[in-house]
Amino acid sequence: MNHTKSEQLHEEALQHIVGGVNSPSRSYKAVGGGAPVVMARGKGAYFWDVDGNRYIDYLAAYGPIVTGHGHPHIAKAIAHAAETGVLFGTPTEHEITFAKMLKEAIPTLDKVRFNNSGTEAVMTCVRVARAFTGRTKIMKFAGCYHGHFDQVLVAAGSGPATLGTPDSAGVPTSVATEVITVPFNNVEAFDEAVTVWGDQLAGILIEPIVGNFGIVEPNPGFLEHVHAVAKEKGFLTIHDEVITAFRFHYGAAHTMLGLTPDLVAMGKVIGGGLPIGAYGGRKEVMDTVAPLGPAYQAGTMAGNPASMQAGIACLEVLKQPGIYDEMDRLGALLEQGILASAKKHGVTITLNRLKGAFAVYFTDEKVENYEQAENTDGETFGRFFKLLVSQGINLAPSKYEAWFLTTEHTEADVEETLKAVDYAFSKL
Ligand SMILES: Cc1ncc(COP(=O)(O)O)c(C=O)c1O
Ligand SMILES: NCC(=O)CCC(=O)O
């Protein structure tokens, strides 16, 4: 496969855009370096790079593109917005239509607010939780990504009750010390940290299905326990459903899990590919937000008609019967095929899957927390990634990211993918 033009464009990008990329996750630094493939166009489950190579896409733009690229129903909605006005700075009916659709799909949302990214949605949830409780500290799980605002760029300390340390230059220690990080799926560590900090906590950030160190489901009873303790100690449960909302079924992951969070942050899928964030929750909590309450959140682009209409169109596609069952069926075929192929070639992997999202880890251990994901073989993943790209299969260039199926993938795509995976395993 020839990547000459991608390489040239990356060289040029390096002169003008920091690191040649607009988000560090797009760089190939974590997979041994090299020029990232520069994409030219996408259609359905495929995209084509600037050298004319075609790929089956399992990146799905890090999750949002659940209906594939250029879906005609969403394209029509975006074209309509382009023709009739993409931004007014006034309320529109689209916002109400979309808010009602979200509420109907996610019963825990009494009220919602739209903004422009997952980061903004989570950031506001943290502010609202602080405003509502009058407390400042937040708890999060190690390895869970919640966007790039200061409070969540905090890594785990050395023990469960250790205060956070900044994970990025520019994050003041004073901010990091407001954050307590505990391992996922570990009741003892959570309880220990709550014993120390429980009375000062405004809220806990929860990815109900973790999508940021592969795909990791909560162990039975774990999140139920977290919710019960939060209620008892008076801090809010904030579900970060930026990846999970509408990824596994028509609605939120917490509904599948039978949990009732106080606040829910969303993004990615609900924008149909356009920039979006949204948050919502219990009426008493949401009424803390301006102009009703004292917690401020605003945005020139918030609830813009283009994102609203794309989001509405995306949910209309996802609401059709059988959509999620088919992604589950194809996901199961991929899972079985990848595991069989690994066995055939003597490659040790662990595969975690929920419906149309899964992660391939190079380890013989179970992966149920960040430490275990960290301990998987990143060097082998890097070689696997590049071998797959050479065979026309594109995923995220990181061992921590999931593979995402879309409504446009077919059984033929799965077969082609399994051939490529078999080739990659044979060359590792
Ligand atoms: C769970 C989760 N929360 C928040 C974010 C941040 O969203 P955005 O990149 O739209 O700001 C992400 C992005 O990957 C995410 O996975
Ligand atoms: N799972 C992490 C992401 O999806 C981040 C994407 C980005 O910021 O480019």
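In this structure, the pairs whose alpha-carbon distance is over 25 Å, taken from Lys103/Lys366; Lys231/Lys319; Lys5/Lys29, are Lys103/Lys366; Lys231/Lys319. Here the gap between Phe222 and Phe149, fully extended at 0.36 nm per residue and compared with their Cα-Cα distance, gives a gain of 23.6 nm.
Contact order, relative form, for the chain: 22 percent (alpha carbon pairs under 8 Å, 6 or more residues apart, mean separation divided by residue count).
Label 7 Å along Cα→Cβ of Asp191; segment 221-252 residues with amide nitrogen under 17 Å? Under 17 Å, as judged by backbone N against the label point of Asp191, lie 221-233 of segment 221-252. Altogether, the Stokes-Einstein calculation at 4 °C and 1.567 mPa s, with the Kirkwood radius of segment 324-428 over Cα pairs as Rh, returns a diffusion coefficient of 94 µm²/s. Extension gain for the segment Ala61 to Leu292, taken as residue separation times 0.36 nm less the Cα-Cα distance, is 79.6 nm to one decimal. Ranking Leu259, Leu14 from most to least accessible surface, computed with a 1.4 Å probe over the protein chains only, gives Leu14, Leu259. With the whole protein complex present, Lys419 retains an accessible surface near 150 Å², based on a 1.4 Å probe. Using the rule -39500 (n - 2.57) for each DSSP H run of four or more residues, divided by the residues of the chain, the 222 nm mean residue ellipticity is -11500 deg cm²/dmol.
Would you compute the Debye intensity of segment 72-318 from its alpha-carbon atoms alone, equal scatterers and no solvent, and pass along log10 I(q)/I(0) at q = 0.08, 0.09, 0.14, 0.16 Å⁻¹ to two decimals? Values, matching the q order: -0.29, -0.37, -0.88, -1.12. Near Gly331, once Lys and Arg are set to +1 and Asp and Glu to -1 for all other residues with Cβ below 13 Å from its Cβ, the sum equals -2.
To the nearest 10, the accessible area of Trp48 is 60 Å² with a 1.4 Å probe. Translational diffusion coefficient of segment 173-237 (Stokes-Einstein, Kirkwood radius from Cα pairs, 10 °C, 1.306 mPa s): 127 µm²/s. By the combined test of axial Cα extent (at least 27 Å) and Kyte-Doolittle hydropathy (mean at least -0.5), the qualifying DSSP H helices of the chain come to 323-344. Two decimals is fine: what is log10 I(q)/I(0) at q = 0.11 Å⁻¹ for segment 3-150, from a Debye sum with one equal scatterer on every Cα and no solvent? Log10 of I(q)/I(0), two decimals: -0.70.
What the Cα convex hull of segment 235-367 gives, in volume per residue, is 149 Å³. Counting heavy atoms of the protein chains alone, His148 has an accessible area of about 120 Å² for a 1.4 Å probe.
Legend: Rg and Dmax of the chain, from Cα coordinates, 21.3, 62 Å. Taking 51 Å as R0, compute the FRET efficiency from the Cβ-Cβ separation of Lys100 and Ser174 and round it to 0.05. Here the calculated transfer efficiency is 0.80. Distance between the 7 Å Cα→Cβ label points at Glu93 and His16: 4.2 nm.
The values are calculated or read from the model by the stated rules, or taken from the named source; none is laboratory data. Since the structure is predicted, the reported quantities are computational estimates derived from the model, not experimental observations. Please note: Cβ atoms are built from the backbone with ideal geometry, for glycine as well, and neighbour counts cover all protein chains shown. These area figures cover heavy atoms from the full protein model, side chains too; ligands, DNA and RNA do not enter into them. Shrake-Rupley method; radii C 1.70, N 1.55, O 1.52, S 1.80 Å.
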